[in-house]
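Before any comments, here is the structure.
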Amino acid sequence: MTDLLQNTRRHFLSTMPGAMAGLGLTDLLSRELFSAPAGGPVAKAKRVLQIFCPGAASHIDLWEHKPELEKMSGNPLPGEEDFSSFQGKNGNLMKSPWPFKEAGQSGKMFSTNLPNMARHVDDMAFCHSMWSKSNTHGPGCIFMNTGFADEGFPSAGAWTSYALGSLTDDLPAYVAITDLRGEPPNGKANWSNGFLPAQHQAILMNAQKPIRNLKLPRNISPKEEGASRDLLRLLNEKHLEKNPGLSELQARMHAYELAAKMQLSAPEVSDLSSESSSTRKAYGMDDPNHLKAGYANNCVLARRLLERGVRFVNLYCASRASGVDGLLNWDAHKTLKGDYERHCPIFDQPTAALLSDLKQRGMLEDTLVLWSTEFGRMPTHQAGTVGRDHNPDAFTCWMMGAGVKGGVSYGATDPFGRRAEVNKTSVWDFYATVLHLLGIDHQKLSAYHNGIDRRLTDVHGHVINQILV
């Protein structure tokens, strides 16, 4: 048996130089092809940062000013006086607890509860007329991330990895950074590869929990590890020859090879101790609020991943629903003011610092930044509370960075923020625009599954040209 292994290993090593040269050439050629899709739009963005606030962050308390809501606050919602939403009967109209004021040269009305984010208003393009297919957090989050309200479909990050490949050999193409408080509703389904090859699922990490299983055990030397990897690669390749098209095996092989490279690169990218004191202060990395400090460190990690070549980063601020509404995420059913005065400071300074950092480093020229949530909230208060119920008929998302026209607002809700009314915008329109900025025609990016050519945008979607440069 020993002779067999030695002969197998000797043969493997003798053929390695040519094989690796071929693999390297194939990789380089594939990247060239991926970076210039035939017949597609001109790519403005190379990478994407998607910031997600689970819990249905309220559009009318953060991003969209409604003077009529302020004026009519305390009165019934006209035409829907007895309306029952997700958790039951609604009360009267309730204005935002925080005033809005003009921000930036564009004069965009902006919530005073986000003073740091207001500095970036002239670089942001708001989509104020979003709507969702679901009024439930889990399906709503999945719909916003995948274009489908059911589990089992690839996320936008997985589609991007599938279409464009990686920008680096040492780090994954797609990373999901979860909040210190936990995973969002429906967890891993939000960054799943779905029916795409398994290698396109996001690698999960955050500043508090480094990637698992990368460190070499003390009793195994680097030489032994290398020899084991060589033999494992040979055996896997022989098995794959007998089982072509086995994506799980291909993904596992890719993961092992990537893990070997990440043993060197991942500790460096996740070591935030090298960040300057001015950076730490700007982000709030050492804030006494441990939730804010945790999110701030995740923001820095997101920037480090992007600048080292990660193609798509999901960054979550808040997590799943809890027994106490609004405690772990933006789900403010009962006490809107208290909940958002807890969540906004966690989100505001670190996110604004991240945007400033990307801009200062020149990264916004080819980095697309997205902000999203799963749906909006009602303009009325929930009966018997001072909170707002779910509203799938209206919410806001925004973009900034590569190819995006700053200081503009697209679409609008009705005077009270109840329903998307002007230029209604779907999740599919949103992602058609994202793919367009990445140089991809959303109608041509598909994968055959169960007899159907599936797309991120399903059979829908139009590019929102009004927010593009």
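With distances taken between every two different alpha-carbon atoms, the range 388-469 has a Kirkwood hydrodynamic radius of 14.2 Å.
Computed from the Cα positions only, the extents of the range 296-414 along the three principal axes stand at 49, 32, 20 Å, in decreasing order. Label separation (E80 vs S322): 2.9 nm, computed from points 7 Å beyond Cα along the C-beta direction. Listed here are the pairs K66/K133; K71/K281; K281/K334; K89/K133; which of them are more than 32 Å apart at the Cα? In this structure, K71/K281; K281/K334 exceed 32 Å between Cα atoms. Computed packing ranks the peptides 415-427, 310-322 as 310-322, 415-427, most packed first, by mean other Cβ atoms within 10 Å.
Short-range pairs are left out: with C-alpha atoms under 8 Å and at least six residues apart, the relative contact order of the range 395-469 is 34 percent. With the convex hull drawn over the C-alpha atoms of the range 320-389, the volume per residue is 103 Å³. Extending 7 Å from the Cα toward the beta-carbon at both S106 and S228 defines two label points whose distance is 5.3 nm. Separation of the range 275-311 from the range 425-446 is 30 Å, based on Cα centroids.
Averaged over residues, the count of other Cβ atoms within 10 Å places the peptides 372-382, 293-303, 41-51 in the sequence 372-382, 293-303, 41-51, highest first. Extension gain for H290 to S356 (0.36 nm times residue separation, less C-alpha to C-alpha distance): 21.5 nm.
Extension gain for the segment K188 to V386, taken as residue separation times 0.36 nm less the Cα-Cα distance, is 68.0 nm to one decimal.
Quick note on the range 110-247: its Rg to Rh ratio, both from C-alpha atoms and Rh being the Kirkwood radius, is 1.08. More than 17 angstrom separation, counting every C-alpha pair in the range 35-86; what % is that? For the range 35-86, the fraction of Cα-Cα distances above 17 Å is 67 percent. For the range 124-176, pairs of C-alpha atoms spaced more than 12 angstrom apart make up 70 percent of the total.
Read-outs throughout are calculated quantities, based only on the coordinates presented, and are distinct from any laboratory measurement. Keep in mind that what you see is a predicted model, and the values were worked out from it rather than measured. We place every Cβ from the backbone using ideal geometry, glycine too, and count neighbours over all the protein chains shown.
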